[in-house]
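Worksheet: one structure, shown below.
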Amino acid sequence: MARGIKDKVVILGMGCSRFGERWDCNAEDLVVEAAEECFADAGVGREQIDAAWFSTAIEEQHVGKSGVPLAFTLRLPFIPVTRVENFCASGTEAFRGAVYAVAAGAADLALAVGVEKLKDTGYGGLPQRSRGPLNDMYWANASAPGAFAQLATAYQAKHGLEMEVLKRAMAQVSVKSHENGSRNPKAHLRNRIDIDTVLRAPVIAEPLGLYDCCGVSDGAAAAIVTRPEIARELGKKDLVTVKALQLSVSNGFEASFNSWDGSHFVTNRTAARRAYEEAGIRDPRAEISMLEAHDCFSITELVTLEDLRLSEEGHAWRDILDGFYNAQGKIPCQIDGGLKCFGHPIGASGLRMLYEMYLQLLGRAAERQLPDPRLGLTHNLGGFPHQNVVSVAIIGRLGA
Amino acid sequence: MVGIASFGGYVPRLRLERKACVEANAWFNPALRAYAKGERSMANWDEDSLTMAVAAARDVPGIERSAELSAAFVASTTMPFADRQNAGVLATALNLDESLSTLDVTGSQRCATSGLIQALHGLAPGNGRTLFVASEQRRTKAASPLELLAGDGAAALVLSREEIIAEFVGSYQLAADFVDHYRSAQDTFDYSWEERWIRDEGYLQIVPRAIKTLLERLEVPASRIGHFILPSPFPKLAQRIAKTVGIPENAAADNLDGMIGDTGAAHSLLLLAYVLGQARPEEYILVAGFGQGCDALLFRTTERLAGFSPRRGIKGYLERRRPESNYNRFLAFRNLVEREKGIRAEADIRAPLSTLYRNRRMAMALVGGQCRRCGTPQFPKGHVCVDPKCGALDSQEDYCFAGRTARIQSWTADRLTYSPDPPTYFGMVVFEQGGRLMADFTDVDASAIRVGMSVDMVFRVKHYDELRHFPKYFWKAAPDAASDSTGQKN
């Protein structure tokens, strides 16, 4: 394996807008809200940035294509700006671009900004749109919940689990995230719910109900990264560094070859294995302090916890019901509310996950603060279970 | 000797209860109560005359891989395209060789019998066989008698000079511009004249003349006719005409009006496919088709008939039935009411015709690839073999997945995505001999669907482009309710 990214790059500052139905905001307004917090946190100015990466996924709904919208909005001084898109994992892609540029020495200070303005479609859920002319000819007529519901039927069949038991565990995934989200002033959904509410909710795509699905939100998040020595020169003492940054992309194996059973993510397992190796983690269940999983749907979080080797295969449902992933549990998951409650402005989500891990590692998470976290993992997934992109990032305090 | 070598049929699974239709409309036209008995077949929202034609052709065993076909005819007055050869679409969907004569026959309720006569006469020595398909989905106005009388369905015949199960003995055609109804080139619906006039001056005058002339010329006594097929909207009319011309009254075939309704231009051949499924060797079958005149065709079954059966046949499709008591669903499927579909339905998903042509085998015939090196079937066909142990470049031969056994690995009922008939069922289907596809489902029985169930791949409308009036076809998985969880047929 390549030498890896561990401890080469520091997060100098981060920012995140309030997520939600931001009827009063354009995407540009959200970018400024996140970026201004980020610049203030980093203690640098726009003119000091060497290069920027800009993530949006459904740009036809808001800013349009290219790096220009970011450069215009922040009046960046004619620096390189790269627009990236990798389904719902776009936010982590922006971060990856910035981190690699710094690690390569091509930039001293690099900016990553992600944004999505989804609430201009006129209806709930993600926009119904073309998947490309050829794909439109044969891809199933799937909504996102429908595509991810496949996991539930396959998982249930594989493990011989009663659907009622699985649904209860899935419900607890959402109950826990609502509990956490209620303590996050920037979260889209801040109400507490109970399991019965989840189980009684209208069905969206069998067996997923309304509360098994994450929020569709407007929002933006941003990070500035640099090398450790520069951060120290700028007066930073507590440094949060990147321990691992991995991406795995489906190649048709799951979609076209008769091997994958549909109950997990091949890419999750690949990205996690590489990330743990890069970070030097041998026993993730013992070493990871907390995580933000890509909980677009409750079942996604459930199977991901197994793919990340935090729960044994076939046993995540039990850990979930036992409270292992609650705020007071051994590995708190979605301590900020997750996609479920913080919300899911697609291009921003990967950066939002890193934002919470960053705050927690610096002891700045207010009511949500966990005692002494050392390593935080973010898992950002885009696409469908049978064809997707998955990034796994691990950040921690320098020396952890 | 020329004749029929094999046959198949198709009737949509949905059966609209006529009572539901009458209850909704009798306030307006109490006379509709006369038609309240039984059911009529009702195409699903994703079916049209073309998909039913493909289904009927695929009911003929081995049709997809038939290298012997040299012609494919489609007869219908309700094909989706007025100018794009529908028989060509059918041939593509069946993955037939492009060395093929294709022709659409249309313009009259007897276009199928007229076309069939021409096709039988056209079987030249040295040429291959001819696939002749008739299919109809008549558009009818709400609250019209025809809405209750009509049904949707299709039939397919393979015509040949050898291996014949029913010999073509002869035919007679009578042309009379008797306008019982018409549909002008600008119209969507039929305009009809008085029923009593149609019966007395039309059927009862014209049909007997054609039958008598045919039998006289062929020197076959009417008393020897074992099965007499005459579609008509009038009860017992075939029996009455049989009596007039000397055909035994019990020879008049059941016109299936209680279960299907009148499938228009397809009905003569649909009834022929039904009768052939029950007839014995060495029987005469007289088929008549009425519409601005009359066609009469005489067949005689052979010993080979006993050894042939279609995959399901009309009889099998009659049993594959789901009653529909919601008349509003019928109106919606036929686009007879303006419905609120929601903003999601506005997504403009067109089919670029150049993309469609390049990928026609994939999109229309469910053709993927099979790796020459490792043997792995895969959909879609790619440049690099999907088996991670192989990875050969440009190693794939065409491989048709239609007709191959597959099972459900995962599924859902999606209530968010737009569908004309929510929820949308779809899931991963895994082919037993290799290959898989995340496929839309159709004809789903919500209470029976489960992981492990076997599915049939069927040719359907994937999406109807309402801006350009263009049906985009693809293949869907139809769960086979007769299979248990191991996929074995019960």
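Residues whose amide H falls under 5 Å from that of B:Ser101, counting only those 5 or more places apart or on a different chain, are B:Ala71, B:Ala72, with hydrogens built in the peptide plane. Dividing the convex hull volume of the alpha carbon atoms of segment A:208-361 by its residue count gives 141 Å³ per residue. The distance between label points at B:Arg311 and B:Ala82 comes to 3.3 nm (points 7 Å beyond Cα on the Cα→Cβ vector).
Amide H contacts of B:Leu14 (H built 1.01 Å from N, in plane; Pro and chain starts excluded): B:Met42, B:Asn44, B:Arg322 sit under 5 Å, all sequence-distant by 5 or more or on other chains. Computed on the Cα trace of the protein assembly as shown, the radius of gyration divided by the Kirkwood hydrodynamic radius gives Rg/Rh = 1.08. The share of alpha-carbon pairs in segment B:366-415 lying farther apart than 15 Å comes to 49%. Couplings for segment A:181-198, taken from phi via the Karplus curve 6.51 cos²θ - 1.76 cosθ + 1.60 with θ = phi - 60°, read x, 5, 9, 10, x, 8, 6, 5, 10, 10, 8, 8, 9, 10, 4, 5, 4, 4 Hz in order; Gly and Pro are left as x. Descending by average beta-carbon neighbour count within 10 Å, the peptides B:288-296, B:391-399, B:200-208 line up as B:288-296, B:200-208, B:391-399, the highest first.
Across segment B:227-343, the convex hull enclosing all Cα atoms gives 155 Å³ per residue. For the pair segment B:135-168 and segment B:9-75, the centres of their Cα atoms are 8 angstrom apart.
Averaging the sequence gap over all C-alpha pairs within less than 8 Å and six or more residues apart, then dividing by the number of residues, gives segment B:168-325 a relative contact order of 29 percent.
Given A:Ile394, A:Ala205, A:Gln334, which one lies farthest toward the positive end of the charge dipole of chain A, if we put +1 on the Cβ of every Lys and Arg and -1 on the Cβ of every Asp and Glu? Among A:Ile394, A:Ala205, A:Gln334, the one farthest towards the positive end of the dipole of chain A is A:Ile394. Using the Cβ of A:Met14 as centre and a radius below 11 Å, the other residues enclosed give a net charge of -1, where K and R count +1 and D and E count -1.
Each residue of segment A:61-73 was assigned a 3J(HN,Hα) from its phi angle through the Karplus expression (A = 6.51, B = -1.76, C = 1.60, θ = phi - 60°), giving 8, 8, 7, x, 7, 6, x, 4, x, 5, 4, 4, 4 Hz with x at Gly and Pro. Over chain A, with a Gaussian network built from C-alpha contacts below 10 Å, which listed residue (A:Ile346, A:Ile320, A:Ile195) shows the highest mean-square fluctuation? Looking only at A:Ile346, A:Ile320, A:Ile195, the biggest GNM fluctuation is shown by A:Ile195.
For the protein assembly as shown, the share of DSSP beta bridges that are antiparallel, to the nearest 5, is 75%. Relative to one another, the C-alpha centroids of segment A:278-337 and segment B:383-448 are positioned 31 Å apart.
Pairs of Cα atoms nearer than 8 Å and 6+ residues apart set the relative contact order; for chain A it is 26 percent.
Per residue of chain A, the DSSP helices (runs of n ≥ 4 H) give a summed -39500 (n - 2.57) that works out to -11000 deg cm²/dmol at 222 nm.
Among A:Trp260, A:Trp53, A:Trp139, the largest mean-square fluctuation in a Gaussian network model of chain A, built with springs joining Cα atoms closer than 10 Å, belongs to A:Trp139. Taking 4.7 Å between beta carbons as the limit, the unpaired Cys residues of chain B are B:Cys21, B:Cys111, B:Cys294, B:Cys400. With the charge dipole of segment B:3-333 set up from +1 on Lys and Arg Cβ and -1 on Asp and Glu Cβ about the Cα centre, the Cα lying farthest toward the positive end among the listed residues B:Leu90, B:Leu305, B:Ala265 is that of B:Leu305. Under the convention that each Lys and Arg Cβ holds +1 and each Asp and Glu Cβ holds -1, the size of the dipole of segment B:405-490 around its Cα centre is about 200 debye.
Across peptide B:427-433, the mean count of Cβ atoms from other chains lying within 10 Å of each residue's own Cβ comes to 4. When both segment A:236-262 and segment A:47-78 are represented by their alpha-carbon centers, they are found 25 Å apart.
Phi-derived couplings, Karplus 6.51 cos²θ - 1.76 cosθ + 1.60 at θ = phi - 60°, listed residue by residue for segment A:362-377: 8, x, 10, 8, 6, 4, 8, 4, 8, x, 6, x, 10, 10, x, 10 Hz, with x used for Gly and Pro. On a per residue basis, the convex hull of the C-alpha atoms belonging to chain A measures out at 130 Å³.
The mean count of C-beta atoms from other chains within 10 Å of the C-beta of residues in A:144-154, rounded to a whole number, is 6.
Calculated [222 nm] ellipticity per residue, helices only, for chain B: -5500 deg cm²/dmol; basis is -39500 (n - 2.57) per DSSP H run with n ≥ 4, divided by all residues, nearest 500.
Packing around the peptides B:153-161, B:278-286, taken as the average count of other Cβ atoms within 10 Å per residue, puts them in this order, highest first: B:153-161, B:278-286. Per-residue mean of foreign Cβ neighbours for A:254-266 is 6 (Cβ atoms of other chains, 10 Å radius).
Just so you know, the averaged projected area of the alpha carbon convex hull for segment B:140-181 sits at 5.5 nm². Local charge for A:Gln246 was computed over the other residues whose Cβ lies under 10 Å away, with Lys and Arg +1 and Asp and Glu -1, and equals +1.
Between A:Ser17, A:Ser174, A:Ser130, the residue with the greatest mean-square fluctuation in the GNM of chain A (Cα pairs under 10 Å linked by springs) is A:Ser130. Shape descriptor for chain B: Rg over Rh equals 0.97 (Cα atoms; Rh from the Kirkwood inverse mean 1/r). Annotation: the antiparallel percentage among DSSP beta bridges lying fully within chain B is about 75.
Each Cα pair under 8 Å and six or more residues apart adds its separation to the average, and for segment B:405-490 the resulting relative contact order is 27 percent. Near the amide H of A:Ala205, within less than 5 Å, lie the amide hydrogens of B:Arg415, all on another chain or at least 5 residues away, with H placed in the peptide plane.
Restricting the calculation to Cα atoms, every distinct pair contributes to the Kirkwood radius of segment A:1-88, found to be 14.5 Å. All Cα-Cα separations within segment B:405-490 were binned at 5 Å from zero, giving a P(r) of 3, 15, 25, 24, 16, 9, 5, 2, 1, each value a whole percent of the pairs.
Shape class for segment B:6-92, computed from the alpha carbon gyration tensor (a ≥ b ≥ c): prolate, with a/c not under 1.5 and a/b above b/c.
Laboratory data are not the source of any read-out in this text; all were calculated from the coordinates shown. This is a predicted model, so every value here is computed, not measured. Neighbour counts run over all protein chains shown; Cβ positions are idealised from the backbone, glycine included.
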